[in-house]
Structure formats: C-alpha cells, structure tokens
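Written below as structure tokens is the structure these notes are about.
The values are calculated or read from the model by the stated rules, or taken from the named source; none is laboratory data. Model, not experiment: these values are computed from the prediction. Cβ coordinates were reconstructed from backbone atoms using ideal geometry, including for glycine residues, and neighbour counts include every protein chain displayed.
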Amino acid sequence: MAAAPAARFPVFGIVRLLGLAAAAAIVVWAVHFRGGMALSSETDKLLIFNVHPVLMLIGLVVLNGEAILAYKTVPGTKKLKKLVHLALQFLAMLLSLIGLWTVWKFHDERQIDHLYTLHSWLGLSCIIFFSLQWATGFYTFWYPGGSRSGRASLLPWHVFFGLFLYVLAIATSVSGLLEKSIFMQSAKMIGRFSTEAMFMNSLGMLLVLLGALVILAVVTPGVGKIDTYRGSSE
Ligand code: HEM
C-alpha cells in the first residue's frame, strides 16, 4: 500500500481554527439568523429546534474531531492523552443526547412525525453507534479494562469505527443543513440566494474541509504518531 501523505503545513492548528470557526458559525446562525435558542418556549417552538444543530455540530463534529486527535495534540503521558480523549468524547456524547432530546421535543410539541427523513435515520444511527463505541472503548481501554490481547484486537476496530462515525457525523450535519435550508426555502422563509442560505451552504463546505483535514491529521506520519500504527494497545 502507498505511504500516507505527509502534511507539510500546521494541520493541527488549522483543524483547531476551522473547528472553532464552525462552532462560532452555527451559534451565529442560531442566534443571529434564527432568533436564538431555548430549552422550552410557549410562543416560539423553533427556538427549541435551534438548540439541536448547535449541540450536534459542536459535539459530534468539533469535539469529536479534537478528541480523535488528542493522542497527537495533547502533551504528556499516554494515560493523560487517553483521559482527554475519553472525556472529550463523553462530552460530545452528552451534547448529542441533549441535542437529540431537543429536536424530539420540538417534533412532539409541533406534532411533527419522527424519523421520516434520511437525515434523521443517519443521525439516529450516528448517535446510537457513537454511544456504543464510547461504552465499549471505556470498558475495554479504561475501566475495568480488557486483557492485553482483548485490547490489541479491539484497537484497530475502535480506530476504524471512530473515523467512520466521524465521517458519518459530517455527512449527517451537512444533510441537516441542506434539509433545513430547503424546508425554509419551500416555506418562503428565506430566498434561494439569501445571505442565510449562502451562509448555510458555506458552513456545509467548511465542515467538509474540516473533515478532510482531520483525516489528514490522523494519517499524516510524524510527531505524536497514533500508537495503533506501532501496534500498541495501551
Ligand atoms: C451529527 C449531527 C446530527 C445528528 C446526529 C442529528 C440527528 C437528528 C435526528 C435523530 C433527528 C430526528 C428527530 C425526530 O425525528 O424527532 C434530527 C432531526 C432534524 N435535524 Fe438533525 N442531526 C444532526 C445535525 C443537524 C444539523 C447540523 C442540522 C442543521 C440545521 C440539523 C437539522 C435537523 C432538522 C431540520 C431536523 C427535523 C427534520 C428531520 O427529522 O429530519 N441536524 N436530527
């Protein structure tokens, strides 16, 4: 197999910058374009919906990306890297569960059917498998911890599913942005070339770029190489 490409630019710094930009952009979208967020509201149920994309994107894309790269970006012992990795992933899982609850509540309160779109199917799969991946990883690599051979055989699958779920989270977020934009255009809430529609398209493009750079940062050889490639399962 050909060697992995070596990034000759500060890929980790750029990932952090794009992640922060994506997090800021989704908050700006919810607050500036969509009028804010609320966990409950009698007058404007859409404020409850607005919490959903913000928590999903910050949790399953931005924090997940940082957690994946923690083994390469966090200085110190392997135990500390692992702790940062599992803590960030836990926070991502928590935000995603709250984000799912808000959109579910919004659908209930507006009497909208659940799970009728491709986005919702992708999203539910993403949340279920992300939670399973976290629980399996915690049990095997942290507490109580599996046997040496158990850890060694799970690790390549943990890495593979972790990257797969990260890509799925990007695809789900992009489909969510697309769906919401089309909903709003069909309801004549925004125009096709409105600033908001262009803003949402740009955010989708930003997520795709961020995803590409996170994958590049994972595979790029060099300092802080992820231990899988050395065959370690600690
Ligand atoms: C990884 C990130 C995301 C996941 C896992 C996810 C998951 C879900 C799930 C499971 C539902 C179904 C709720 C129900 O049927 O009651 C849903 C609905 C929805 N989501 Fe997301 N979502 C994500 C990101 C986004 C983003 C960034 C947007 C952008 C605005 C968005 C927009 C929507 C919309 C408009 C709905 C309601 C319509 C539908 O059910 O498809 N989502 N999401």
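Quick look at the numbers
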read-out: Contacts under 7 angstrom Cβ, first residue in the range 96-111 being over 19 Å from Gly36 (Cβ atoms) and in contact (Cβ under 8 Å) with a residue 24 or more places away in the chain, partner assigned to a helix (DSSP H, G or I) and not β-branched (Val, Ile, Thr), 6 or more apart; value: Ser96/Leu55; Ser96/Met56; Ser96/Gly59; Ser96/Leu60; Ser96/Phe130
read-out: Output for the range 67-106, where each listed residue is among the small types (Gly, Ala, Ser) and under 27 Å from His52 (Cα atoms); value: Ala67, Ala70, Ala87, Ala92, Ser96, Gly99
read-out: Leu168 vs. criteria without any contact (Cβ under 8 Å) to a residue 60 or more places away in the chain, near the ligand (Cβ under 9 Å from one of its atoms) and surrounded by 14 or more Cβ atoms within 10 Å (Cβ to Cβ); value: yes
read-out: Residue, farthest from the chain's Cα centre (by Cα), within the range 61-94, restricted to residues that are more than 13 Å from the ligand (Cβ to nearest atom) and of a type in the set (Gly, Ala, Ser); value: Gly76
read-out: Close pairs (6 angstrom Cβ cut-off, 6 or more residues apart or separate chains): in contact (Cβ under 8 Å) with a residue 24 or more places away in the chain in the range 173-192, part of a helix (DSSP H, G or I) and of a type in the set (Val, Ile, Thr) anywhere; value: Ser173/Val61
read-out: Residue in the range 35-54 that is within 23 Å of Ala171 (Cβ to Cβ) and either β-branched (Val, Ile, Thr) or at pLDDT below 95 (or both) present; value: yes
read-out: Of all residues in the range 95-114 being surrounded by 15 or more Cβ atoms within 10 Å (Cβ to Cβ) and among the polar types (S, T, N, Q), the one that is nearest to the ligand (Cβ to nearest atom); value: Ser96
read-out: Filter pass, Thr117 being within 11 Å of the ligand (Cβ to nearest atom), more than 22 Å from Gly19 (Cα to Cα) and more than 17 Å from the chain's Cα centre (by Cα); value: yes
